[in-house]
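I have placed the structure first, in the form of structure tokens, so that the comments after it can refer back to it.
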Amino acid sequence: MTREIARMVNPALQHIAPYKVEGGQQAEIKLNQNESPFDVPMWLKEEIVGEFIKEPWNRYPDILPYQAMNAYANFLGISPDMVMMSNGSNEMLYTIFLACLGRGRKVLIPEPSFSLYEKLALLLDSQIVGVPMHANLDFDVEAIIRAARDESVDFIVISTPNNPTSKSLSLEEVRLIAESSDALVLVDEAYIEFSRQRSLLELIHELPNLMVLRTMSKAIALAGVRIGFAIANPALMQEIAKPKIPFASSRLAEITLRKVLANYSLVTDSVAYILHEREKLYTAISSLKKIEVFESDTNFLIVRVPDASDVFERLYCAGILVRNVSGYHLMENCLRFNVGLIEENQQLLAALSAL
Ligand SMILES: Cc1ncc(COP(=O)(O)O)c(C=O)c1O
């Protein structure tokens, strides 16, 4: 950054890199963004588009997509004023961080976690209290509780199951963390549909400082439509909504959500498929020499190889795009790939075996 430009922009930008996806977003076998390998079926897309073309495109949608929020609240069995929808959960992360952080505020982030948390905290000039995972990538619950208390943090953000480690906390462990602190505890459940653990939604009425984040981009297979949700008690939600971008969710996103929820067996079927394939992949990779595979609670697996850059390149040349997550704390020489279709997983396995 030149000095002239540095003068014009927020000084925090000096510490922030633009978001990029190594290897791009195109590949014969694309396993690098934890997406669902199953697209929404054509008959349902046609139904959605059929409804969308009857909408007035010249008119703004509602300030917030109330119809979709009602549908999701109904789906979860909670009251609509506990739910807010966003244009992807990334947009909700911006909203929540804006609502909770700023200069002089402290945020606890387990390390490594989803990279956007750190970026937003830096952007908002807040102090980050990083708490490293154990060497086996498990959360260090005691260290989180201790750091939250000793540093008097204002905000705790936990991705469980966690991207990029694929590890989870139990409901009881999150309860302990939330009960031992008066900070707002944001639990990002982007991968909860693939988890062996119970969702924290069960405690949403009980813990006044708990907020849950959900995305429709993973198990629900709507990454291209951009839908996320936050869930919390109504009083907290009312405050969090203040910095929300108005009109951020399109009429199309609203219709899509309603229609997909009405056909939710599509999701449960694909989750069952992915879980079955995850276990097959885990067992098969466990038997490969020189590759360590971590037990996963998500739709992706983490492996440690002798040389991650070399393996990334070789897979890339074979048309298989994975994510090199070696740059993350404690994840030297680790690669991440999501579970794909059976044939894709077989090709990945063959390529790893050949190495
Ligand atoms: C933990 C976690 N949270 C949030 C997101 C953002 O998802 P989206 O903006 O597509 O809802 C991701 C995406 O990879 C993620 O891994």
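Every read-out reported here was derived from the displayed coordinates using simple, explicitly stated rules and does not represent laboratory data. Predicted, not measured: the structure shown is a model, and the values here were computed from it. Heads up, the Cβs are rebuilt from the backbone with ideal geometry, glycines too, and the neighbour counts pull from every protein chain shown.
Tabulated values for the structure
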{"item": "Least to most buried among SER353, SER217, SER168, SER326 (fewest other Cβ within 10 Å first)", "result": "SER353, SER326, SER217, SER168"}
{"item": "For region 185-197, 3J(HN,Hα) per residue [Karplus equation, 6.51 cos²θ - 1.76 cosθ + 1.60, θ = phi - 60°, Hz, x = Gly/Pro]", "result": "10, 9, 10, 8, 9, 4, 10, 4, 5, 9, 8, 7, 8"}
{"item": "Fluctuation leader among ASN324, ASN209, ASN58 - the chain, Gaussian network, Cα springs under 10 angstrom", "result": "ASN58"}
{"item": "Estimated vicinal HN-Hα couplings, Hz - region 40-57 in sequence order (Karplus 6.51, -1.76, 1.60; Gly, Pro = x)", "result": "5, x, 4, 4, 7, 4, 5, 4, 5, 5, x, 6, 5, 6, 7, 6, x, 6"}
{"item": "Dipole moment magnitude, nearest 20 debye, the chain about Cα centre, only Lys, Arg, Asp, Glu C-beta charged", "result": "700"}
{"item": "Residue of VAL141, VAL49, VAL293 that the Gaussian network model of the chain assigns the largest fluctuation, springs spanning Cα pairs under 10 Å", "result": "VAL49"}
{"item": "Top positive-direction residue, dipole computed over region 1-125 with Cβ charges, set CYS100, PHE38, PRO112", "result": "CYS100"}
{"item": "Residues with amide H under 5 Å from that of ASN163, placed H, sequence gap 5 or more", "result": "PHE114"}
{"item": "Neighbour-count ranking [beta-carbon atoms within 10 angstrom, fewest first] of MET211, MET1", "result": "MET1, MET211"}
{"item": "Pairs from LYS45/LYS280; LYS218/LYS289; LYS167/LYS289; LYS30/LYS106; LYS119/LYS289; LYS20/LYS54 whose Cα-Cα separation, in the structure shown, is over 28 Å", "result": "LYS45/LYS280; LYS218/LYS289; LYS30/LYS106; LYS119/LYS289; LYS20/LYS54"}
{"item": "Over region 76-136, volume per residue of the alpha carbon convex hull, in Å³", "result": "123"}
{"item": "Mean projected area in nm² (Cα convex hull; one quarter of hull surface) for the chain", "result": "19.1"}
{"item": "Equivalent ellipsoid dimensions for region 56-262 as semi-axes, Å, which come from the Cα gyration tensor, largest first", "result": "28, 18, 16"}
{"item": "For the chain, calculated [θ]222 nm from helices alone, where every DSSP H run of n ≥ 4 adds -39500 (n - 2.57)", "result": "-11500 deg cm²/dmol"}
{"item": "Alpha carbon centroid spacing (whole Å) that separates region 42-107 from region 255-281", "result": "20"}
{"item": "Charged-residue dipole, Cβ positions (Lys, Arg, Asp, Glu), region 56-262 about Cα centre, Debye nearest 20", "result": "820"}
{"item": "Sorted by Cβ density within 10 Å, fewest first, the residues ARG323, ARG258", "result": "ARG258, ARG323"}
{"item": "Candidates ALA148, ALA68, ALA12: whichever shows maximal mean-square fluctuation once the chain is modelled as a Gaussian network with Cα springs under 10 Å", "result": "ALA12"}
{"item": "Euclidean distance of C-alpha centroids, region 287-336 and region 137-195, integer Å", "result": "25"}
{"item": "For region 8-13, 3J(HN,Hα) per residue [Karplus equation, 6.51 cos²θ - 1.76 cosθ + 1.60, θ = phi - 60°, Hz, x = Gly/Pro]", "result": "7, 10, 4, x, 4, 5"}
{"item": "Amide H contacts of VAL129 (H built 1.01 Å from N, under 5 Å, at least 5 apart or other chain)", "result": "VAL107, LEU108, ILE109"}
{"item": "Residues whose placed amide H lies under 5 Å from that of ILE291, excluding near-sequence neighbours", "result": "none"}
{"item": "Summed residue charge, Cβ within 14 Å of ASP62's Cβ, Lys/Arg positive, Asp/Glu negative", "result": "+2"}
